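The next block holds one structure in the form of structure tokens; read it before the comments.
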Amino acid sequence: MAVRVLCDAGEGLELRTLHRGLAARIFQVVDAEREHLGRWLPWVQHTQGLPDTVKFLQNARDVFLHGDGIHGAVWDRDEFVGMMALRVVSKADKVGNVGYWLSHRAQGRGIITRLMRVFLTYCFEEWKLHRLELRCAASNERSCRVAERIGFQYEGLLRGANLVQGQHLDMRLYSLLAPEWQAFRAGQAIHAGQADAGRSPSRSASGVPSLKSASR
Ligand SMILES: CC(C)(COP(=O)(O)OP(=O)(O)OC[C@H]1O[C@@H](n2cnc3c(N)ncnc32)[C@H](O)[C@@H]1OP(=O)(O)O)[C@@H](O)C(=O)NCCC(=O)NCCS
């Protein structure tokens, strides 16, 4: 299956569809960064070999084919640096859940913040959702900062809701509604003066590119 660009945040930062050929690269990053990722993501300890990542990719494909969500690979120019995902929690209620992770080496440059801004528009518009949820461990300050920076509202604490490395972590529940996102984007546009400045011509007014083939 051809690789497609799902979201284009500009300056070579893209969310692209997954493919089987990426399995070794994904596993390599996860395996090398167990300490960084495994602290917050429960699936890391269950990813012990390449076949686990191959199985994950098959699963992600099934999820997409059933209309239950999508996983994308984060590419910073020509480097695979992380992942971003949408899982539809309730089709009837139009509710989804978003998540992300980034290689340690790519942190602190605004990659997730910039790409999430485009991904949220993609989730609301392409998947026609009304509510997106984001759960972060209360102790995961970096991730909580991302959620708040991109306009999510804090709703409450889910006590002991995630079992990670034998610890029951309290999770902060955030949400964002479609009209709030529109207002947030409009506010950002006003503050930025020219929110669209620097966008590549290939991008639509929503910031989400029309699906196109990527170079890899
Ligand atoms: C959570 C995680 C994705 C955050 O990565 P990150 O690089 O800090 O996040 P961003 O890409 O949004 O970058 C924000 C940082 O870059 C800096 N930055 C630089 N340029 C920026 C820009 N143009 N826009 C926004 N931030 C920018 C910010 O100051 C910010 O630093 P701070 O965290 O010290 O305040 C990453 O730490 C991670 O993957 N952790 C392990 C897995 C994980 O926790 N996943 C989430 C589970 S809920």
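The values are calculated or read from the model by the stated rules, or taken from the named source; none is laboratory data. All figures in this text were calculated on a predicted structure; none of them were measured in a lab. Ideal geometry is used to build each Cβ from the backbone, glycine not excepted, and the neighbour counts take in all protein chains shown.
When you go through (1) under 23 Å from ARG34 (Cα atoms); (2) in contact (Cβ under 8 Å) with a residue 24 or more places away in the chain; (3) of a type in the set (Lys, Arg) one by one for ARG117, which number turns out not to apply?
Condition not satisfied by ARG117: (1).
Is it fair to say LEU22 is closer than 20 Å to ALA147 by Cα and at pLDDT 95 or above?
Criteria not met by LEU22.
Do we find a residue being farther than 23 Å from LEU176 by Cβ and touching a helix residue (DSSP H, G or I) at 6+ places or on another chain (Cβ under 8 Å) anywhere in region 136-147?
For region 136-147, residues farther than 23 Å from LEU176 by Cβ and touching a helix residue (DSSP H, G or I) at 6+ places or on another chain (Cβ under 8 Å): absent.
Kindly list, by first and then second residue, each pair from a residue in region 152-179 that is hydroxyl-bearing (Ser, Thr, Tyr) to a residue that is at pLDDT 95 or above and not in a strand (DSSP E or B), limited to pairs with Cβ atoms under 9 Å and residues at least 6 apart or on different chains.
Once the first residue is hydroxyl-bearing (Ser, Thr, Tyr) and sits in region 152-179, its partners that are at pLDDT 95 or above and not in a strand (DSSP E or B) give TYR154/CYS144; TYR154/ALA147; TYR154/GLU148; TYR174/CYS144; TYR174/ALA147; TYR174/GLU148; TYR174/PHE152; SER175/PHE152.
Which count do you get for residues in region 121-161 that are polar (S, T, N, Q), under 20 Å from GLN45 (Cβ atoms) and within 19 Å of the chain's Cα centre (by Cα)?
Total satisfying the criteria: 2.
Would you list the helices (runs of 4 or more DSSP H) that sit entirely within region 11-116 and hold 2 or more residues that are within 16 Å of the ligand (Cβ to nearest atom) and of a type in the set (A, V, I, L, M, F, W, C)?
In region 11-116, the matching helices (runs of 4 or more DSSP H) lie at 23-32.
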